[in-house]
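These notes are about the structure you will find just below.
The values are calculated or read from the model by the stated rules, or taken from the named source; none is laboratory data. The model shown is predicted, which means the values in this text are computed figures rather than measured ones. Methodologically, a virtual Cβ is constructed for each residue, glycine included, from the backbone with ideal geometry; neighbour enumeration extends over all protein chains shown. The accessibility values were calculated without ligands, DNA or RNA, using every heavy atom of the protein model including side chains. Shrake-Rupley method; radii C 1.70, N 1.55, O 1.52, S 1.80 Å.
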Amino acid sequence: MQSAAGLVLSAALWTMGACAQTAAKQVMQPADLVNLRTVAEPRISPDGRRVAYTVLTPAASSMPRNEHIWLVDTDRPMSQRPFVASSGVDTAPAWSPDGKHLAFLSNRPNPLTQAGSPFRFKLASGKYPADIPLTLVAAENVTAPAAAPGPKAAPADPKAAPPATPLKAEAAPEAEPKDMQLWWIAMDGGEAEPLTNLPGGVRSFRWSKDGQQIAFVRKDAASEDERGRVQRKDDREIVDHEYHYDRLWVLDVAERQARLLTRSDQNVDAIDWSPDGRSIVARVSPSPRLDDYWRVSKVMIFDATTGAQVSVIEPRSGYQQPLYARDGARVAFSRFSARGITDEHYVRELASGKELRLEDLVKGTVSEVRWLPENLLLVSSYVGAHTEAHVVDVAKHTARVVPALPVSALELDASLDGKTFSFVSETATQPGEISVWARDKAEVLTSTNPQVQGWALGAEREVQWANPKDGTTVYGVLSLPPDYTPGRAYKTVIHLHGGPEEAFTVGFNATWYNYAALLASWGYVVLQPNYRGSAGQAIAFTEGNYRDWGGGDFDDVMAGVDWLVKQGIADPNQMAIAGWSYGGYLTSWAVTHTDRFKAAMAGAPITDVLSMATTTDIAPSYLDSYLGPLTGQMAEYDRHSPVRSAEACHTPLLILQGDADVRVPLLQGSELYHALRFFSRETEMVTYPREPHIFGEREHQIDSLTRELAWFAQHLSAESKASTR
């Protein structure tokens, strides 16, 4: 196997011409892209004066994750500074309602585990599952542990179960170092203080509106008996049994006392308090299975004192976190469409049951909502290949565009008075930065990756074309090389997104998963089409590939190719295609149904839809929604499988995949790779140990991008040809 360094060298030699053209700027390298720091989770203070956010600095895979919390003043651009940092990970900043404290999650060393700690944390009286140490319950509150919650009745195990080891209070386990716990820090000075120390850690949390309580979600941890079985190698797993559930807890901040709110076996997520503190709304699934979590959830209201289920707001919850309005009279949520492919967003009046559908007022695909005062709702959405934000008056059923926002504005948050927004903005030459909007003006507040100013980066355009077969309008992002010259046809890469309900947008397209800026820096024209099935248009468009994988969506992509050639931008003899996940599927479909591409990369590709349906961790709902139930549909599933047309492939294909991928199992890439070898087609497959569906290890990210660049360099000539227009 050729080394990554050798691949970089060969690709660098190929781009010497591009380097000469951009001598003042450096051609972006895969390591440059992977080493970019990422800002996220911008949370504006209630008074709108500061933004807390996270900065993730890439590190070698052998090193701990380097993510911490920073602050920036909204009236002082470039005033960013580290605020919460430790030897662990610090994330999920959340302001107290009065703005005097910042709560967050961290896995730093916790003094609550040490004898004589000056900090305190205890549990309220009551029965607790066997994974909770009795030492966390104050002596006067100790109650015998309840049976371990969660496991469904499992089929009889042929091996006799060993006797259970009783829980010993004097040897109670402390929270594991990797567990994220709840912390807070005063804004007027002082050190951060731990608020919890629970085995299994805290997954997410939400302040009550009065700041006196924090609701949080904790996953059941392994009990002492389970840990003992693992140590004895008696660690068989019965599939779809013995679940560890995400349960809802509430912390009394002043007393530093927590109590378990939901005890029934159901998985709780995405929580929000009512303004009066009497109830909590949440998405609830019947199990922690990923398919249930995303596609079989309900929106439910719980009594915040007893944990009793008050009502079910929506039996078919979509992805949106349910949120109470400021006055508590309404809840914003989403429900799956009839086909179960995407979700629609609603606001419901709790007293009357009347609903407002946001898609009737806002263009594109709704992505985020935030309540503002006076029953106004801040709604952001993907529109075509950019983002927009609207303020919706839910009482008057009107919407107005937020003016002067950049075309890429994500993760919007609002101050208490609703007059100032924080968000992450991007441009073609600026990676994500914390920004602020106030008085109809947007401003960038931070500079996190100044090295980008020295890179050779090209222009970017939002473009559109029509599919001639049915007239469908398709949007996309066109990235041009740094020294693009009109009238010259360039070597071109068609880059396809996953999902398929995702969308490319104009911005800084330079991540491991979305690397158009990298390809353009190396001299390629890059087209990123939002084909039917994507976000960005009406729901009918997002569901436009229903029972039509490889049909209209593939035609949309090829119509974009034809448009580029007709414009004289793309050299028809110098084209490659690439994509990950569903983009890998469409890439595999393309190379088995056309010979127009000289090279291709399929990352984690779905190639055999039938075996995908029976092995993925999002079965059965995902493929059921797109292609119909498997019952009686096996031939239909086969008809949409690229591997069935492997003999027709004549395009050199590089397949990349993680061997720990449970979303699109490794079998998918392997099937197509070996099928192509049967037919003596040119193909290469590289697998990456430990990697799931989306790679996380820095070294693997660099290697995979480097191999893709070298593969295209090998199969496309170094020079573009002049246009014949």
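Largest first, what is the accessible-area ranking of ARG348, ARG259, ARG218 with a 1.4 Å probe? Mind dumping the intermediate values first?
Working: ARG348 40, ARG259 65, ARG218 0 Å².
The ordering from most to least exposed comes out as ARG259, ARG348, ARG218.
What net charge is computed for the residues neighbouring VAL506, neighbours being all others with C-beta under 13 Å from the C-beta of VAL506, Lys and Arg scored +1, Asp and Glu -1?
-3
Using R₀ = 51 Å, calculate the FRET efficiency as 1/(1 + (r/R₀)^6) where r is the Cβ-Cβ separation of SER62 and ASP595; round to 0.05.
0.70
When we measure straight from the Cα of LYS233, which aspartates and glutamates land under 15 angstrom away, once same-chain ones fewer than 8 places off are left out?
GLU224, ASP225
Run down the aspartates and glutamates and flag those whose C-alpha is under 14 Å from the C-alpha of LYS354, throwing out any fewer than 8 positions away in its chain.
Reachable aspartates and glutamates: GLU314.
Taking the Cβ of ALA456 as the center, what net charge do the other residues with Cβ under 9 Å away carry, scoring Lys and Arg +1 and Asp and Glu -1?
On the way: positive: LYS25; negative: ASP483.
Summing Lys/Arg as +1 and Asp/Glu as -1 gives 0.
How much of the accessible area of the chain, in percent, comes from carbon and sulfur atoms when a 1.4 Å probe is used?
52 percent
Counting Lys and Arg as +1 and Asp and Glu as -1, what is the net charge of the other residues whose Cβ lies under 12 Å from the Cβ of ARG326?
-2
Just check region 366-487 against the gyration tensor rule for me: Cα atoms, a ≥ b ≥ c as the square roots of the eigenvalues, rounded for a/c under 1.5, and otherwise prolate or oblate depending on whether a/b exceeds b/c.
Details: a/c = 3.33, a/b = 1.31, b/c = 2.53.
It comes out oblate by the Cα gyration axes.
Keeping all protein chains in place, calculate the accessible area per residue for region 216-326 (probe 1.4 angstrom), answer in Å².
Details: 4530 Å² over 111 residues.
In whole numbers, region 216-326 has 41 Å² accessible per residue.
Return the calculated 222 nm mean residue ellipticity for the chain, to the nearest 500 deg cm²/dmol, obtained by summing -39500 (n - 2.57) across DSSP H runs with n ≥ 4 and dividing by the residue count.
-4500 deg cm²/dmol
For region 574-662, what proportion of DSSP beta bridges, expressed in % and rounded to the nearest 5, is antiparallel?
Of all bridge pairs located within region 574-662, approximately 0 percent are antiparallel.
Residue-wise, which Karplus ³J(HN,Hα) couplings in Hz belong to region 387-400, taking 6.51 cos²θ - 1.76 cosθ + 1.60, θ = phi - 60°, and x for glycine or proline?
10, 9, 9, 10, 9, 9, 8, 6, 7, 8, 6, 10, 9, 10
Does region 536-629 classify as rounded, prolate or oblate by the C-alpha gyration tensor (a ≥ b ≥ c root eigenvalues; a/c under 1.5 gives rounded; else a/b over b/c gives prolate, otherwise oblate)?
Taking the square roots of the gyration eigenvalues as a ≥ b ≥ c, region 536-629 is oblate.
Give the percent of DSSP beta bridges with both residues in the chain that are antiparallel, rounded to the nearest 5.
Just about 80 percent of them are antiparallel.
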